[in-house]
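Have a look at the structure below before the remarks.
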Amino acid sequence: MTEPKFAPSILSADFARLAEAALAVERAGADWIHVDVMDGHFVPNLTFGPKMVADLHRATRLPLDVHLMIERPEDWVDRYAEAGAAYLTIHVEASQDVPGTLAAIRARGVRSGLTLNPETPVEAVLPHLGALDLALVMSVHPGFGGQKLIESALGKVKAIRESLDRRHLSAELEVDGGIKPDNAARVVAAGATVLVAGSAIFEDPDGPVAALRKFKAAIRS
Ligand code: DX5
Ligand code: ZN
């Protein structure tokens, strides 16, 4: 099985020590850092804004994979682009103008991402695949770490994988929520190329290096 990229979600890290957390996963061999931006409206939780992204961008060499769980993401593209986001992912439910926002992200030299909530049918993202550098399937209800993976998300991963392959598109296919070493191989088999994991990496009692090793071993076996 081809090894996926790993994008630890710092939502589960100690917010008073985010630079240390970023360095720890960088040293542990993570590929990206997943940054969950929440506005208290689109989801019932609040996290970071653009300054946190800019400060993290200075603290790590890893690409910042910024997941915007906010209303009107079109109003924020410039600020997150300036902050140094490598990927900027918007929710299909949150934007008034999905094609325009994806185009604005790319016009700022940032890679474009689109995601959907568990209750949103996969058909909502399929028409946009040609405009994407990253398609993200949410496998939990966004807002909080530490939830259980919703199995029906795997069907969406397969549907997007089929559509990408049929159209010879090379967007990354990322899955976010409830990913653990014991289900990671199934998620990759469904077609994912990037795995987000928060609690499984930052709350592993053996630390993030051991946690990533467990993921890699589970996928190889
Ligand atoms: C949920 C976030 C996820 C979260 C995943 O709203 O989008 O990125 O951090 O955390 P775990 O891996 O604990 O489900
Ligand atoms: Zn996320």
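The values are calculated or read from the model by the stated rules, or taken from the named source; none is laboratory data. Only a predicted model underlies this, so the values are computations on that prediction, with no experimental measurement involved. Here Cβ is always computed from backbone atoms with ideal geometry, including for glycine, and neighbour counts include all displayed protein chains. These accessible areas exclude ligands, DNA and RNA; they are computed on the full protein's heavy atoms, side chains included. Shrake-Rupley method; radii C 1.70, N 1.55, O 1.52, S 1.80 Å.
A few comments on the model shown:
- Selection of the stretch 174-198 for residues being open to solvent by less than 20 Å² (accessible area, probe 1.4 Å), more than 21 Å from H91 (Cβ to Cβ) and within 13 Å of ligand 1 (Cβ to nearest atom) yields N183, A184.
- Qualifying residue in the stretch 165-173 (condition: under 18 Å from T2 (Cβ atoms), away from ligand 1 (no atom under 12 Å from the Cβ) and either at pLDDT below 95 or assigned to a helix (DSSP H, G or I) (or both)): yes
- Qualifying residue in the stretch 148-168 (condition: touching a Phe, Trp or Tyr at 6+ places or on another chain (Cβ under 9 Å) and either among the acidic types (D, E) or on the phi < 0 side of the Ramachandran plot (or both)): no
- Contact map, the stretch 10-33: first residue of a type in the set (S, T, N, Q), second residue in a helix (DSSP H, G or I) and surrounded by 18 or more Cβ atoms within 10 Å (Cβ to Cβ), Cβ cut-off under 6 Å, separation 6 or more or different chains; pairs are S12/S199; S12/F202.
- Checking each residue in the stretch 13-46 for being away from ligand 1 (no atom under 14 Å from the Cβ), outside any loop (DSSP other than H, G, I, E, B) and open to solvent by 10 Å² or more (accessible area, probe 1.4 Å) picks out A16, R17, A19, E20, L23, A24, E26, R27.
- Filtering V53, V66 for residues that are open to solvent by less than 10 Å² (accessible area, probe 1.4 Å), farther than 21 Å from I179 by Cα and in contact with a helix residue (DSSP H, G or I) (Cβ under 9 Å, 6 or more places away or on another chain) leaves a single hit, V53.
- Subset of the stretch 3-12 (residues that are assigned to a strand (DSSP E or B) and either hydrophobic (A, V, I, L, M, F, W, C) or at positive phi (or both)): F6, A7
- Number of the exception - T101 against (1) open to solvent by 50 Å² or more (accessible area, probe 1.4 Å); (2) away from ligand 1 (no atom under 16 Å from the Cβ): (1)
- Candidates in the stretch 187-221 are the residues that are of a type in the set (S, T, N, Q) and under 22 Å from P63 (Cβ atoms); of these, the one that is nearest to ligand 2 (Cβ to nearest atom) is S199.
- Test: residue in the stretch 101-108 that is within 16 Å of ligand 2 (Cβ to nearest atom), touching an Asp or Glu at 6+ places or on another chain (Cβ under 8 Å) and not aromatic (F, W, Y): no
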